[in-house]
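First the structure, in the form of structure tokens, and then the observations on it.
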Amino acid sequence: MSRIELPPVSERVRALHAQMTLDEKLAQLVGYWVDQGDELVAPMAGEMATSTKYEDASAHGIGHLTRVYGTRPVDPVERAAWLWSEQRRLREQTRLGIPAIVHEECLTGLAAWKAATFPTPLAWGASFDPALVEEMGRLIGGSMRQLGIHQGLAPVLDVIRDPRWGRVDECIGEDPYVVGTVGTAYVRGLQDAGIHATLKHFVGYSASQSGRNHAPVHAGPRELADVLLPPFEMAVRDGGVRSVMNSYAEIDGVPVAASEELLTSVLREEWGFDGVVVSDYFSVAFLHTMHAVAQDLGEAAALALAAGIDVELPTGDAFTAPLAEALRSGAVDEALVDRAVLRVLAEKEELGLLDETFDEPPAAIDLDTPEHRAVARRLAEESLVLLSNGGVLPLDAASIGRLAIIGPNADSAEALMGCYSFVNHVLAHHPDVPLGLELPSVFEALRAEFPGSAPEAVRGCDVSGDDASGIAEAVAAAAASDVAVVVVGDRAGLFGRGTVGEGNDVDDLELPGLQRRLVEEVVSTGVPTVMIVLSGRPYAIGWAIDGPAAPAAVLQAFFPGEEGASAIAAVLSGRAAPSGRLPVSLPRSAGAQPYTYLHPILGGPSEITSADSTPALPFGHGLTYTGFEHSRLSAPTESATGADLPVTVEVRNVGERSGVDVVQLYARDLYASVTRPVAQLVGYARVALEPGETTVVRFDVPVGRLSFTDRRGARVVEPGDIEFWVGGSCEDRETSSTTRLVGPVHEIGPADARTVSVSVAAVVPR
């Protein structure tokens, strides 16, 4: 067996480790789920529930306390008092006195009762605003610190490959650069507040077979290197993330939880990650029970430790007694345990836990302050994507006598929330518990925005199911109104409790249930109809964009959170302007999946197949209430393969209203040694302009943005022609330029930057 290299740590950590017995070491490598009960909030949680009593499990200390606030609706102040006392017990009544790391979910805000709930990550991507996402992360982290939480299980950096996958609403987009920049911004915000972010799910989880959860992944090394890994690399190199969580995936027959190549060679040796790798819930045991690469839990623990997993979450199914037995029999080298323990102790030292005294728990906590709500509102507004508009929007309140508010999501607060929101993740098990925060529905927000014009909400039909008995009432309400607003889409949930979310994968991308029929029958009244889609995935709604029964306008809202309804009302009235862009292609059909705009020539339409995968609307699409003109794209005519490239474009507001343009710079490598995408987003920028104003946006493109993995497996930039363009989407070539790269093949190294620097010139008025 090769010598296992131990990580460099402080003298304090080394001395603490030297005192530890084997039982004390193993205790630091596991979590304990104090509140775990019958609620299904993790895959196979009921089957994997530990029978070990907490007092026994923590007799020698404990590494993590699992979801102290996020498993059941507990009062934050009362729970904090319990946590402080428990941490004091660990400090005072265990031999070494090491407190526990407390981890929580924080994908759409802290997953705790009464905590602010922000838009889902797919909405972050639609905003194209990393700075605002960073601000949100800082607020979330501040709430967590108040409650004695140390580690957040977010962000999700899986690149969307198939919208049939139920966990799409947890993802940021289908473009690795957008995922990387937005996700890294969240990491910075959370860690600036003193919380360790945890990247999920490293790696390949979203590329599962047929869009199914926990399914095999058939990704080649180039897809891994050029599409799936870059967001994680960015968050490690640029964001300094402190924790990573493995994915449940098995890639070409090798479970990630047992992959030393990914968890050690790539993550640590190639990228320089020096934090802690935690297992996704039960994934160590899954090496035995689901992947069948380990004959028992002891062998599963050995495989995971050797691969590079340091901590088993949420409990110690494999890293406790089964691992201890394997160690005592000599089947596992104790140096593997020492390596993991040193990393965990170093993390606790970094978090200040080794010096924390836990004197006074907070006496009062506000987890949903006006500042939280202001950021939630801004992000919700920026994330709304106007897919189509025949001129009905914005609505003129003065000319509207009556609004019909229709649809299964019109008067549902839960419809605004993603799968990992506390409302849908936990409170679904506790229907008698109040939501704990102000959460107006779209109907309530529209009634406030257009006072006196909105009647009672009419459901028409449910989100799913085949009960059509309410459609006639909805049609009648629409016919008696000046404008009809129909709110359709998803209901997020877990493992079959919804239409989207973890475990809610689909083989059909039509709107669930009878919702399409509802919309079409309302449109048939001839009353101007606005369709609002509250969803966690993009649906095949091309019929609503340009079909014979298309509504007058379609607004896409990816689970916009607690302020989402207010944001929708503001955009409909014109008080706010839409500026979101599609972070994922709007699919043509389920049969056209998997699809990505990053496809090579053979991945698009052609004359030699009758099947057309062209999406209903392309990546980057989104309308505004004004118009923007892009012109005079300028890039060097010739440049060295190892040199950075300055690219400029002129942007002008040619409409009559103020607005925000998302300037999108795309590139295409015309000929290369391996096939390349027909379009690739290089950089982007949000630019606010008044009517008639003009500015110049400069993108300083590092050569790393044009790199790819060649046939040898090296990341390179080759000589040849690169076409650049800017437009309203990946398919809109409004202004373009070509640069010839000259010189030898340039191999990308750690010193090569891969993030575009953007600057906006002074605005020139009309």
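The values are calculated or read from the model by the stated rules, or taken from the named source; none is laboratory data. Every value quoted in this text rests on a predicted model; they were computed, and no experiment measured them. With ideal geometry, Cβ positions are generated from the backbone for all residues, glycine too; neighbour counts draw on all protein chains shown.
For region 215-236, does any single residue satisfy the condition of being within 30 Å of Val68 (Cβ to Cβ) and either assigned to a loop (DSSP other than H, G, I, E, B) or at pLDDT below 95 (or both)?
Among the residues of region 215-236, not one is within 30 Å of Val68 (Cβ to Cβ) and either assigned to a loop (DSSP other than H, G, I, E, B) or at pLDDT below 95 (or both), which makes the answer no.
Pro551 - would you say it is touching a strand residue (DSSP E or B) at 6+ places or on another chain (Cβ under 9 Å), part of a loop (DSSP other than H, G, I, E, B) and over 25 Å from Glu520 (Cβ atoms)?
no
Of these, Gly308, Gly298, Gly316, which one is on the phi > 0 side of the Ramachandran plot and not hydrophobic (A, V, I, L, M, F, W, C)?
On inspection, the qualifying residue turns out to be Gly308.
From Glu270, Glu250, grab the single residue that is within 22 Å of Ala346 (Cα to Cα) and at pLDDT 95 or above.
From the options Glu270, Glu250, the qualifying one is Glu270.
When region 328-339 is examined, which residues are found to be more than 38 Å from the chain's Cα centre (by Cα) and assigned to a helix (DSSP H, G or I)?
Arg328
From the list Asp317, Asp280, exactly one residue is touching a Lys or Arg at 6+ places or on another chain (Cβ under 9 Å), among the charged types (D, E, K, R) and surrounded by 22 or more Cβ atoms within 10 Å (Cβ to Cβ). Which is it?
Asp280
Failed condition for Arg705, given (1) over 29 Å from Arg575 (Cα atoms); (2) in contact with a His (Cβ under 9 Å, 6 or more places away or on another chain), with all others met?
Going through (1) over 29 Å from Arg575 (Cα atoms); (2) in contact with a His (Cβ under 9 Å, 6 or more places away or on another chain) one by one, Arg705 breaks only (2).
Confirm whether Pro551 is touching a residue at least 40 places away in the same chain (Cβ under 8 Å), in contact with a Pro (Cβ under 6 Å, 6 or more places away or on another chain) and within 22 Å of Pro163 (Cβ to Cβ).
No.
Residues checked against (1) outside the structural domain of Arg652 (by TED's automatic domain parsing); (2) crowded, with 17+ Cβ neighbours inside 10 Å; (3) without any contact (Cβ under 8 Å) to a residue 60 or more places away in the chain; (4) assigned to a strand (DSSP E or B):
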| site | (1), (2), (3), (4) |
| --- | --- |
| Tyr684 | no, yes, no, yes |
| Pro691 | no, no, no, no |
| Phe724 | no, yes, no, yes |
| Ser729 | no, yes, no, no |
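Tell me whether region 348-366 contains one or more residues that are surrounded by fewer than 16 Cβ atoms within 10 Å (Cβ to Cβ) and part of a helix (DSSP H, G or I).
Scanning region 348-366 turns up no residue that is surrounded by fewer than 16 Cβ atoms within 10 Å (Cβ to Cβ) and part of a helix (DSSP H, G or I).
So which residues in region 66-79 are closer than 19 Å to Lys348 by Cβ and in contact with a Phe, Trp or Tyr (Cβ under 6 Å, 6 or more places away or on another chain)?
Thr66
Six or more apart or on different chains, Cβ atoms under 6 Å: show the pairs whose first residue is in region 478-499 and at negative phi and whose second is in a strand (DSSP E or B) and surrounded by fewer than 24 Cβ atoms within 10 Å (Cβ to Cβ).
Partner pairs satisfying both residue conditions: Val485/Val530.
Restricting to region 1-29, count the residues that are more than 18 Å from Leu327 (Cα to Cα) and in contact with a strand residue (DSSP E or B) (Cβ under 8 Å, 6 or more places away or on another chain).
Qualifying residue count, region 1-29: 0.
Residues in region 511-533 that are part of a loop (DSSP other than H, G, I, E, B) and of a type in the set (A, V, I, L, M): how many?
Total meeting the criteria: 3.
Just need a number here: residues in region 194-214 that are within 16 Å of the chain's Cα centre (by Cα), in a helix (DSSP H, G or I) and not hydroxyl-bearing (Ser, Thr, Tyr).
Residues flagged as within 16 Å of the chain's Cα centre (by Cα), in a helix (DSSP H, G or I) and not hydroxyl-bearing (Ser, Thr, Tyr) within region 194-214 amount to 1.
Looking at region 329-344, is at least one residue surrounded by 22 or more Cβ atoms within 10 Å (Cβ to Cβ) and either within 30 Å of Asp752 (Cβ to Cβ) or assigned by TED's automatic domain parsing to the domain that holds Arg715 (or both)?
Looking for residues that are surrounded by 22 or more Cβ atoms within 10 Å (Cβ to Cβ) and either within 30 Å of Asp752 (Cβ to Cβ) or assigned by TED's automatic domain parsing to the domain that holds Arg715 (or both), one finds at least one in region 329-344, hence yes.
Restricting attention to region 377-386, does a residue exist that is hydrophobic (A, V, I, L, M, F, W, C), touching an Asp or Glu at 6+ places or on another chain (Cβ under 9 Å), in contact (Cβ under 8 Å) with a residue 60 or more places away in the chain and within 22 Å of Asp75 (Cα to Cα)?
Checked region 377-386: no residue is hydrophobic (A, V, I, L, M, F, W, C), touching an Asp or Glu at 6+ places or on another chain (Cβ under 9 Å), in contact (Cβ under 8 Å) with a residue 60 or more places away in the chain and within 22 Å of Asp75 (Cα to Cα).
Please determine whether any residue of region 740-763 is part of a strand (DSSP E or B) and touching a Phe, Trp or Tyr at 6+ places or on another chain (Cβ under 7 Å).
Checking region 740-763: at least one residue is part of a strand (DSSP E or B) and touching a Phe, Trp or Tyr at 6+ places or on another chain (Cβ under 7 Å).
So which residues in region 30-74 are among the β-branched types (Val, Ile, Thr) and modelled with pLDDT of 90 or more?
Val30, Val34, Ile62, Thr66, Val68, Thr71, Val74
Would you pick out the residues in region 608-638 that are assigned to a strand (DSSP E or B) and within 24 Å of Gly173 (Cβ to Cβ)?
Leu617, Leu623, Phe628, His630, Leu633
The rows are residues; the columns are (1) touching a His at 6+ places or on another chain (Cβ under 6 Å); (2) at pLDDT 95 or above; (3) part of a strand (DSSP E or B); (4) small (Gly, Ala, Ser).
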site	(1), (2), (3), (4)
Ala404	no, yes, yes, yes
Val433	no, yes, no, no
Ser453	no, no, no, yes
Val463	no, yes, no, no
Ala472	no, yes, no, yes
Ala478	no, yes, no, yes
Ala484	no, yes, yes, yes
Val488	no, yes, yes, no
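Note down all Cβ pairs under 8 Å where the first residue falls in region 509-533 and is farther than 20 Å from Leu384 by Cα, the second is of a type in the set (Phe, Trp, Tyr) and assigned to a loop (DSSP other than H, G, I, E, B), and they're at least six residues apart or on different chains.
The qualifying pairs are Leu509/Tyr539; Glu510/Tyr539.
Looking at region 639-661 only, could you name the residues that are assigned to a loop (DSSP other than H, G, I, E, B), in contact (Cβ under 8 Å) with a residue 60 or more places away in the chain and over 18 Å from Ser757 (Cα atoms)?
Of everything in region 639-661, those that are assigned to a loop (DSSP other than H, G, I, E, B), in contact (Cβ under 8 Å) with a residue 60 or more places away in the chain and over 18 Å from Ser757 (Cα atoms) turn out to be Thr641, Arg657, Ser658.
So which of Glu629, Glu656 is of a type in the set (D, E, K, R) and either out of contact with any strand residue (DSSP E or B) (no Cβ under 9 Å at 6 or more places or on another chain) or closer than 24 Å to Leu741 by Cα (or both)?
Selected residue: Glu656, the only one of Glu629, Glu656 that is of a type in the set (D, E, K, R) and either out of contact with any strand residue (DSSP E or B) (no Cβ under 9 Å at 6 or more places or on another chain) or closer than 24 Å to Leu741 by Cα (or both).
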